[in-house]
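One structure is given here, and the rest of the page talks about it.
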Amino acid sequence: MEKIITTLTSYPGKKIVKVIKIVSAYDNSFKAHRSLYNVDEYLETALENLYNKAIKEGGNAVLGVQYIL
């Protein structure tokens with residue numbers, strides 16, 4: 001299965017059949033030190049958590065992702 005995680009509210013070539021629910025996730029590890037270390041690692045962890053929550057709820061994609069650093 002193709003993993004779709006995007007900031008877009010739609011996805012080219014795909015049709016949204018059902019909106020299940022809003023999910024949220026974050027990586028709060030070493031929050032105070034984020035600016036000193038690799039932010040990409042924290043974002044990747046948060047996106048993986050977000051996608052896993054969506055799959056658990058019956059979804060197959062995450063659209064409209066917003067980042068707050």
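Worth a mention:
- Counting only aspartates and glutamates at least 8 places from LYS14 when in the same chain, those with an alpha carbon closer than 12 Å to its own are GLU2.
- Computing FRET efficiency as 1/(1 + (r/R0)^6) for LYS14 and GLU44, where r is the C-beta to C-beta distance and R0 is 22 Å, gives about 0.45.
Read the figures in this text as sums done on the coordinates, not as results from a lab. Keep in mind the model is a prediction, meaning the values are calculated, not measured. In this analysis, Cβ positions are derived from the backbone assuming ideal geometry, glycine residues included, and neighbour counts consider all displayed protein chains.
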